[in-house]
1. Once you've got the GNM for chain A with C-alpha springs shorter than 10 Å, pick whichever of A:363, A:13, A:71 has the biggest mean-square fluctuation.
2. Please report, in cubic angstrom per residue, the volume enclosed by the convex hull of the alpha-carbon atoms of segment B:159-303.
3. Order by neighbour count: B:146, B:163, fewest other Cβ atoms within 10 Å first, most last.
4. Report, to one decimal in Å, the Kirkwood hydrodynamic radius for the protein assembly as shown based on all distinct Cα pairs.
5. Which value, in Å³ per residue, describes the convex hull spanned by the Cα atoms of segment A:62-232?
6. State the antiparallel share, in %, of DSSP beta bridges confined to the protein assembly as shown, rounding to the nearest 5.
7. For segment A:325-375, what are Rg and Dmax over the alpha carbons, in angstrom?
8. What whole number of Å gives the distance from the Cα centroid of segment A:112-185 to the Cα centroid of segment C:118-180?
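Bear in mind that the values in this text are calculations on the coordinates, not laboratory data. Here the structure is a predicted model, which is why all the values come from computation and not from measurement. Every residue, glycine as well, gets a Cβ built from its backbone with ideal geometry; the counts of neighbours run over all protein chains shown.
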């Protein structure tokens, strides 16, 4: 077995340029394939991490997202006193009524406006998001025009730093802190005091009510009760589900486009592998005849050539993953169609993606190598030996 | 002449290899064209916009509305033809995956501002007469098998509730750049309903479409409109329809860049496949080229034979790929119609792919051709393998 | 030395090839026996069918009719798989162009036939080393074929042919591509294998000098076996 592997490997090394070119073709396909998976994984991670498992979001029925939602004070008051809400160590309810508005900010280095989420928050908003912590500066003083901004906002937008002022809603807001939300979507948000925000934008309503459940098992009951309450017109979602739904369209777009493109691309690379393997078989006809004469079974010849094609695709896979691993340093920031707001996420390489790329490349190798390998193994020994 | 014959014959010498290479090139050219069609679909809204229209929106962001009272004030400005208000309605038909664009518009003026929306006189009349009437694009009608007179219910996301409409008209586009998958209904119907259900949200327009007599006045009129509402609660941002559409595309530019990059990866794939084929062919014919040299043919001729062969393979593949692109654009356009209502193959894309194939043909013949020059006469003529 | 025991019995062998819609007979009604310990030279002009006969005896080709019994087994009745196995155990091959695998070293080339037996790596090494010592190329074992002369390559091929200790060795023009000196080395080596190790050798050649190393000769012309000494026909 070892010798067969060596045989295949050395043959690849012997045809350096051809091997290099064929493997490069496969590497490019794997690059695109893994990049697509990394992108949707990055998006998924960002959005799922944005939600906490035991948090619940209440928005207006059918609104789909916080941006489109509106919940008035009376309804908010009813929701706020739900007994299922967990208490913090000082006995206070872990619930926040929030307002989300979008404003246009100019991205660094361009003159283009991006829609940025301004979230009106309350005291409990921060404890409700364990992923978010203040990185620089201080927290907002309630009742003032102070704001804190996500780290990606500070990075990507002009003139956003501690001490600087942003103007929106006919007011000047001072940046007092920068928070780090890890890989969550909060990194692309600006937070202000919800009551100040409501006044400045003359918004009578909140966008959403966020709270933590003391027991996850209560969720179904709570959902039933709130959604059927005649005084309310709301929808209750687990926070993780909520954020996943937000990106459904974007994720599907990336998947549909990415997967169909990689499949088409892979046809090109598979044909390339086939060309190489066919020529390998043609060149080594006499070798094959000799091996068969020595008593090697057809299966062994098949295996040797298939192995060669698999090694080729394996090399392509390594090359492709090597290239795509650099993408991890790159962040995509784009508008989420469903919320109209800016969303930043990075390419994320996971062991699962590495495995998927490996499987995909080996499939390419099998498809590209199988027919030539079958041809190699089914030759008549006498004919093969007679070739010069 | 003999050399040309030799060039052609060479391609048929390894039929299978040539066919596989040509196929691989055509697959790559096909995907290059498709990807670039997607990119141009991205900009479809931009290319469909008219220089005779301005869009007025809330300066904070699109989700903020403007008081309807602005309409009368804008109308006072000279150089303006019509002003129509509109609201992005964001309604969902049965379920979310049935997404299509739906707007509440000031119907009569809207149709005057958008002469590219072609509706028959009868249907137009019927639409304008019915308070709950709606005007639907041809493609949308086909997608859901609707007919005139059908009732359609949209579930509001921005404006809660179930909204009933009756299809009164079907519009067609004047040309291919017009989005034929929109759903339009009367702004008054929306506003009157809101007055009853949530009065605070009534009398608000999402945006105004302003028709201008002379495109050259766009900048002046835009400034005039914006200065009219300066320092008010809802400041405006006025720009040409094109700029407005571009700002939308710009927000998702990162994705466009990614697609563009991916389309270059395809070119890389063609390159390596063809270069490989040429490399193998040249290696096999080493002694033939040595023979040519023996007959005192210059390097240029051998160079030409190799480059000619790779060009021929690439261009055959490219033409095949382009032919395949036409039906493919149709199929993919149908699949992606939710994302891209307008999905047309542009002539520029075809030219671009031909041009790139030409370059790739030369480049991929270059390495093996360079190798052929190094062929040593004595070594090349040794007929071993 | 010869034990005068039949090792191969060939009975009314027929073989023809198709060329387009023409059928060309290659072997017609060939019958003869080969004794154990024989060194037989098969001679004849090109196209006489000598190589085809060798291929049939070696079990890499099938006749149209007739049978070949080797040690009592009719190899023409064996299926692909069994025949492959049989070859690896009973036949050693020596080719005109050596047919060494260019990407494998001398040692690895010789090791190839052993891979089909259930042997440990240590046992295999012992066998290979022994075969190398017989052909006198122990110091070249890590060289690739390219790095060896023609004669050396053919000696590696001989080592490969004997490494599994087969009872029969078939050689198709083993000296056809060698200079005089190397050819003598190779032929001496083959005689030694025949005399010292008692291998039955069947060699196809059209070189009379090579044929002289053999103990007996058979002459083929136009697919028919001609009895008597070859010399009278040349």
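1. Evaluated over chain A, the most mobile residue of the options is A:13.
2. On the way: hull volume 43.5 nm³, N = 145.
So the per-residue Cα hull volume is 300 Å³.
3. Working: B:146 15, B:163 21.
In order of increasing Cβ crowding within 10 Å: B:146, B:163.
4. On the way: mean 1/r = 0.0287 Å⁻¹.
About 34.8 Å for the protein assembly as shown.
5. Working: hull volume 21.8 nm³, N = 171.
Convex hull volume per residue, Cα atoms: 128 Å³.
6. Values: 94 of 131 bridges.
For the protein assembly as shown, the DSSP antiparallel bridge percentage is about 70.
7. Final numbers for Rg and Dmax: 18.1, 56 Å.
8. Value for the Cα centre distance between the two parts: 79 Å.
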